[in-house]
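Values quoted throughout were computed directly from the atomic coordinates according to the rules given, and no laboratory measurement underlies them. Because the structure is a prediction, the values reported are computed rather than measured. All Cβ positions, glycine included, derive from the backbone under ideal geometry; neighbour counts span all protein chains shown.
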Amino acid sequence: MSSLNSTMSYPILNESSLNFSETTVELSESQLNVTESLLYDDEVQEFDNEEKTWIFGAPLLLVFGTISNILVIAVLMRKKFRKSSWGLYLTTLAICDTLLLYMFSLDSWLQIVFKIWISDETVAGCKVYRFVSYFLIHFVAWILVAVSCERIVFIYFPMKAKIVCRRRTACIVLGSIAFILTGVNAHIFWTFSLTEYDGFYYCDLVDNIAELMGPQFVIIFLWLDLSIASLVPFLFMVACNIAIITRLIMSDRQRRAATSDGAQKSNTTSIAIMLVSTSTTFVILTLPVAICMVLSLNDEFTSTGNNMDNLYFAKRIAEFVQQINSVLNFWLYCLTGKAFRTELKAMLCCERFSGTPGVSNAYVTRSVTATTAMEHNPALKHMKVNGQNHTVKNGQEHTKL
């Protein structure tokens with residue numbers, strides 16, 4: 001009997017243990033549901049923050065960016081800067097920045113507010129939109145590389161700069177960059193199209209991309225885009241900026257040692273500082289997007305859905321920060337470029353010229369001094385040929401950009 005009770009009591013104990021296990025499982029599922037709910041709430045909060053950033057930020061970027069870039073173009077088209085090579089580079093940069101603002105900021109704002117996708121309406125629109133967007137992103141980066149290299153020539157080889165750094169040369173450089181980038185991005189016209197996903201059409205790589213371009217095309221395309229838009233320009237601009245800043249510091253020390261009161265910064269130095277600040281700001285503001293692109297290529301990082309969601313949110317914020325770069329150039333020119341500030345003030349005050357076009361204040365001072373000395377010293381009159389003093393002419397050639 002005791003043995004029977006023991007035998008009968010065993011199933012009861014086992015059933016209780018089973019019920020306890022089921023309760024434990026139920027509690028675990030409940031905890032899992034709570035965890036999933038919390039994660040979902042975090043995702044919703046991140047999505048709301050991203051939407052608010054673009055809803056309120058995009059109109060501000062468009063308004064301030066458009067006004068700023070129009071002012072940049074207006075100043076650089078004045079007679080003083082119109083014939084300079086760097087003026088052509090910065091004018092082209094301002095036009096590209098304006099186009100990028102309307103292609104990305106306006107497009108993101110329309111998607112969030114009105115649920116309108118410009119690139120997803122037609123196949124032709126998809127291909128053209130993708131090509132122009134990639135082309136402009138690459139073109140802006142390499143314009144700044146060209147400007148940085150030109151400043152290197154101006155500062156380290158000032159005599160050759162008169163021959164090399166001309167507006168005609170700038171046109172050839174810009175045309176060559178545009179031609180190369182057109183060839184690099186030409187594949188977009190047959191690798192991108194409207195792709196169906198869950199009943200909707202999105203502008204993305206075609207479904208048979210592996211058969212059309214090879215199994216490794218996506219990885220090659222992402223690395224190529226990353227290198228052209230970010231990595232290689234970063235290396236060029238950082239190296240050029242370090243070289244320029246080093247030479248400017250050395251020149252400033254030599255100038256201070258040669259004069260007791262310290263000489264005024266030359267026009268070339270002022271423009272170099274302005275362009276260095278522009279390229280440095282570009283590197284800083286576009287670096288987050290480059291980091292997100294590198295992380296997206298890492299399979300270990302993107303193996304979990306949580307990392308993918310966080311990366312998407314970070315990339316969207318980084319893209320917004322990148323758009324700020326298209327607005328800041330005007331303020332950087334005003335802050336660091338004395339010649340630009342002077343010409344802007346002259347334009348806003350409706351003055352035709354802000355002094356002698358293409359000639360720095362230092363040249364004007366030397367011209368007056370040389371003319372006065374010649375008038376008081378008849379021995380210098382034989383240096384005058386065709387109505388122009390050689391001292392004045394040499395000063396003009398030395399200071400003119």
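Summary of values
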quantity	calculated
Calculated FRET value between Thr122 and Thr66, using beta carbons and R₀ = 35 Å, to 0.05	0.85
Region 56-347 - percent relative contact order, Cα under 8 Å, separation 6 or more	24
Count of lysine pairs in region 56-347 with Cα separation under 30 Å (8 or more residues apart, or interchain)	25
³J(HN,Hα) computed for each position of region 68-79 - Karplus, 6.51 cos²θ - 1.76 cosθ + 1.60, integer Hz, glycine/proline x	5, 5, 5, 5, 4, 4, 4, 5, 6, 8, 6, 4
Mean separation of Cα contacts under 8 Å, 6 or more apart, over the residue count of region 117-184: relative contact order %	31
Zero-based 10 Å bins, Cα pair distances in region 56-347, whole percents	6, 24, 33, 21, 11, 4, 1, 0
Region 105-236 - percent relative contact order, Cα under 8 Å, separation 6 or more	28
Least to most buried among Val128, Val283 (fewest other Cβ within 10 Å first)	Val128, Val283
